[in-house]
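Worksheet for the structure shown next.
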Amino acid sequence: MIEVNAVYVLVAREFKKFIRERSRLISTIARPLIWLFLVGGGMSKLVSPGMGLMGVSYIQFIFPGILGMTILFSAIFSSISIIWDKEFGLMKEILVAPVSRFSIVAGKALSGTIVSVIQAVIILALFPFLGIRIGATGIIETILVCTLLSFCIASLGIVIATFYDNFESFSVIMNFIVMPMFFLSGAMYPVKMLPQILKLVARLNPLTYGIDALKHTVFEGAGIFDFSLVTDVCVLLATSVVFVGVAGTLFERKK
Amino acid sequence: MVHFYMPVPIIKVQNLIKKYGNLTAVSDISFEVEQGTIFGFLGPNGAGKTTTIGILCTLLAPTSGSASIFGHDCARESSEVRKSIGIVFQDTTLDKDLTARENLVFHAYLYDVKKSERDRRINEALTFVGLYDRGDDLVKKFSGGMKRRLEVARGLIHRPKVLFLDEPTLGLDPQTRANLWDFIVELPRRHNVTIFMTTHYMDEAEVCDRIAIIDRGKIITIGTPEELKKTIGGDVIYVKTSDNRRAKSEIEKLFRVEVSEQDGELFLTSLKGDACIPEIIRALGDSVLSVRLQRPTLNDVFLKMTGREMRSEDVSSGDTLKAEVRTYRRHHDRS
Ligand SMILES: Nc1ncnc2c1ncn2[C@@H]1O[C@H](COP(=O)(O)OP(=O)(O)O)[C@@H](O)[C@H]1O
Ligand SMILES: [Mg+2]
C-alpha cells in the first residue's frame, strides 16, 4: 500500500532542501562541467574520431556519459541522505509514523529522481555548445531515459543506504561503489574496448545501460552504442523494480 | 449515584524480553499503564528504558513476551499502534535544516492530518509551546529547550492517545527542565493523553502518578511515589563515625535494624528519625563525626532496592557530549 500524503511530503522536503542548499546544487553541476571540458576537452586532442567513436569527437562521445555521471552522483547523494537522516534521528520520526515502508522507499526514490532529473536537464541544455544536434523527439526521449535512470540509481542508493548507519561510510560508498560504477559504465570509453573481465562487470552495472540508452537518444542513429535501446530500457525497468523491492524489504526488517 | 473508578489499562506489557546477542537489555518485565495517567520509568543509564520504548513504539521486535497499546499488539499490529502514539525520542529527531513550522507540516502530512485541520493544529501547537513567533526560524538556531518543546508539540499534532517521552529533559539546564515539567504535567488534562516517560533524574519522577524503577533490565518495584517511599519505612539517617564497623554493630543492637554502608557513611531506615538521633549519639559518643536526617526520596528507594546510588550526573554529561560531537561532526562533514 502507498500513502500518497507520505510520498508527497518526503519529496517536498527533499525539494525544499535542494533549493535551499545552493552549495549542493553548485557542486553537482560543477563536477560534470569539469569532466566535460577539462577531461573531455583534453582527451579530444588524443582520441581521434576514427578510434571506434563512429565519427563523433571525444567530447561529444562522453556527453551521454557525463549526463549519466550527473544522474549517478545526484541520485545516489539524494538517497544516501537517508544515512544522515538515520544519524540525526529524523529517520525514526519517519519510521514510527503510520506509513508503509514501501511508501517511504517510494518517497525517497522519487525525491532522488526529481532532483537528479533537474540537474541532468541543466547539463543536457549544453548540447548545442558541443556541436551536437538533437531534435525535439530526441530531447524528450533523452529526458525520459534520464528519468528512468535516475529512478533506478536512486533506488539502488536506498538499498545501499540501508546497510550503513553513519556517515563515516560516505567515502566508502563514493570510492568503492560510485566511482567504479562510473568508470565501468561506458561513460568515458566504449564498453566494447574494455578487457574481457571488466566488460563483464560493466554488463552488471545498471549505469552502463542507462548511458547506452542516452547514446541512442543523443546520437540518433550513430552506431556507438553497445546494446539495443529496448534492451537498455528493459534492464533499467527490471533493475528498478528489483531495487525498490529489496529496499522495501530491508526497511521492513526490525532489529 | 455511586461512581466506581474503573482503571482502564491502555498499555499492557507481559513478560517482555529483549536481547541483543548475549546482552539482555530488557529482562522479563510486566506492567500496565492506566489511561490518562503519567507513568514513569525511572532507572540509570543502560537500564533498558529506551529499549522498552523502542518495542512499544514498534521500532524494535521483542525477543519474547508481548506489549500492546489499546489492545493492539506492538509487534504484529504496528500500523494500528503507530496511529495512536506520539513520541519524543531521547535524541532529537527534528530536521534542523527545516523551520519549526516545516517540521510540524512534515509530521502532519506523515500522519495524514486533514487539510482543514492542518494549519489550525500547527498554529495551536506552536502557540502552546511558546514558539509561535519563532515558527519560521530554522531549527538549527534553536536552543535545546526550544527543540524539546517543539518535539513535544510535534508529537501531539496527530492527537495521539499515548505520548512517549524518553528522557525529555536530558541535557537541559535546571531552569529549562523545571519549565518543561510544568508544561508536561498539564498534558494529560489538556490533551487527553496518557504519558509514558523515562528519566534518570529521581526528582523528576515525582510528578508521575505511578513509577516503575528499572535496573539492569528488570523492574525492581512499581507503585505511586508515595507507596514507594513508604517502603523505606520512614526517615533515613546517615551517620559518619571514626569506626564504622563498631558503630554498625552498636546501632544494629540498639534498634534491631539492618544498617548499610555507602561511601563511608552508614545509613538506616524504618525509624522515627528525630527521636533516634540523640540515642545514636549517646551510644556512640565521641566517635560520631556527623549525623544527618533525610526524608525518604526515590533515590533512597533505589538505593535500598539495589544497594547502589543512582548517579544521574555521570549519565547526562556523557550523553550530552555525544550529542555535541555529533553536531560538530555534522557541520564539518557536510560542508
Ligand atoms: N542496538 C543495540 N545493540 C546492542 N546493545 C544495545 C543496543 N541498544 C541498547 N543496547 C544495550 O542495551 C542496554 C539497555 O539500553 P537502553 O535501553 O538504551 O537503556 P536506557 O535507555 O535505560 O539508558 C544497554 O546495556 C545498551 O548498551
Ligand atoms: Mg535511554
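The values are calculated or read from the model by the stated rules, or taken from the named source; none is laboratory data. Every value quoted in this text rests on a predicted model; they were computed, and no experiment measured them. Cβ atoms come from the backbone with ideal geometry, glycine included; neighbour counts cover every protein chain shown. In case anyone asks, the SASA skips ligands and DNA or RNA and just uses the protein heavy atoms, side chains included. Shrake-Rupley method; radii C 1.70, N 1.55, O 1.52, S 1.80 Å.
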Matching option when the condition is more than 14 Å from chain B (Cβ to nearest Cβ) and without any contact (Cβ under 8 Å) to a residue 24 or more places away in the chain, among A:ILE26, A:ILE34, A:ILE71, A:ILE62: A:ILE34
Number of positions in the stretch B:158-197 that are at pLDDT below 90 and within 16 Å of ligand 1 (Cβ to nearest atom): 3
Helices (runs of 4 or more DSSP H) within the stretch A:140-255 that include 1 or more residues in contact with a Lys or Arg (Cβ under 8 Å, 6 or more places away or on another chain) and more than 16 Å from ligand 1 (Cβ to nearest atom): A:196-203, A:229-252
The listed residue being touching a Lys or Arg at 6+ places or on another chain (Cβ under 8 Å) and at positive phi, out of B:GLY65, B:GLY48, B:GLY21: B:GLY48
Unmet requirement for B:GLY65, which otherwise passes all of (1) within 12 Å of another protein chain (Cβ to nearest Cβ); (2) open to solvent by 20 Å² or more (accessible area, probe 1.4 Å): (1)
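Each row is one residue, and each column tells you yes or no for (1) assigned to a strand (DSSP E or B); (2) within 12 Å of ligand 2 (Cβ to nearest atom); (3) surrounded by 16 or more Cβ atoms within 10 Å (Cβ to Cβ).
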| site | (1), (2), (3) |
| --- | --- |
| B:LYS12 | yes, no, yes |
| B:ASN15 | yes, no, no |
| B:ALA25 | yes, yes, yes |
| B:SER30 | yes, no, no |
| B:VAL33 | yes, no, yes |
| B:PHE39 | yes, no, yes |
| B:PRO44 | no, yes, yes |
| B:ALA47 | no, yes, yes |
| B:GLY54 | no, yes, yes |
Where a residue in the stretch B:261-276 is closer than 18 Å to B:ARG246 by Cβ and its partner, wherever it lies, is outside any strand (DSSP E or B) and at pLDDT below 85, with Cβ under 6 Å and at least six apart: B:LEU268/B:VAL257
Complete set of residues in the stretch B:102-123 that are free of Cβ contacts under 8 Å to residues at least 24 places away in the same chain and of a type outside the set (D, E, K, R): B:VAL105, B:PHE106, B:TYR109, B:LEU110, B:SER116, B:ASN123
In the stretch A:173-183, residue nearest to A:PRO206 (Cα to Cα) [restricted to those that are at pLDDT 90 or above and open to solvent by 60 Å² or more (accessible area, probe 1.4 Å)]: A:PHE183
